[in-house]
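Heads up, the thing below is written out as structure tokens.
The values are calculated or read from the model by the stated rules, or taken from the named source; none is laboratory data. Keep in mind that this is a model prediction, so the values were computed, not measured. All Cβ positions, glycine included, derive from the backbone under ideal geometry; neighbour counts span all protein chains shown.
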């Protein structure tokens, strides 16, 4: 049962961090990546700097993703193991709370923004936190806003 709960936790954390990290964390780390790029350029003056910048950004992004998803899943597994070692009602309560929090905090798309002319297409209001997500390898400025919390549908 603990492994099944941990697998569900891994799916939740992987989806959350894959949506949250690119824009909200890695986008703010671009100055740090530029600094690393300048340092690497001084170490190897003949190499193309864009290659080093791309490689350092890719390695840092993958490392951060592995740390956050793995760390979150490890902490959740520890909580599930502790709940399993207690009495059966504690495990049942932990499972119910995990399912309710997972359902409540599952990232839901509430708004999309087009690149040139933003058409009002908001589908819900968010009672909770929102964050932006830009699709990878799309450079036209289109984005989506995701809600973590209670979504209140908007009537068209």
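Here are a few things to note about the model shown:
- Within the stretch 130-145, restricting attention to residues that are surrounded by 11 or more Cβ atoms within 10 Å (Cβ to Cβ) and out of contact with any helix residue (DSSP H, G or I) (no Cβ under 6 Å at 6 or more places or on another chain), the residue that is farthest from residue 19 (Cα to Cα) is 141.
- Scanning the stretch 61-112 for residues that are more than 21 Å from residue 14 (Cβ to Cβ) and in a helix (DSSP H, G or I) gives 82, 83, 84, 85, 88, 89, 90, 91, 92, 93, 96.
- Condition check for residue 6: in a helix (DSSP H, G or I), under 20 Å from residue 101 (Cβ atoms) and at pLDDT 75 or above: yes
- Residue list for the stretch 103-134, restricted to those being more than 25 Å from residue 155 (Cα to Cα) and either in contact with a strand residue (DSSP E or B) (Cβ under 8 Å, 6 or more places away or on another chain) or outside the structural domain of residue 152 (by TED's automatic domain parsing) (or both): 134
- Pair list, Cβ under 7 Å, 6 or more apart: the stretch 17-36 residue modelled with pLDDT of 80 or more, other residue outside any helix (DSSP H, G or I): 19/107; 19/133; 19/146; 20/131
- Looking at 56, 72, just one residue is at negative phi, assigned by TED's automatic domain parsing to the domain that holds residue 1 and at pLDDT below 75, and that residue is 56.
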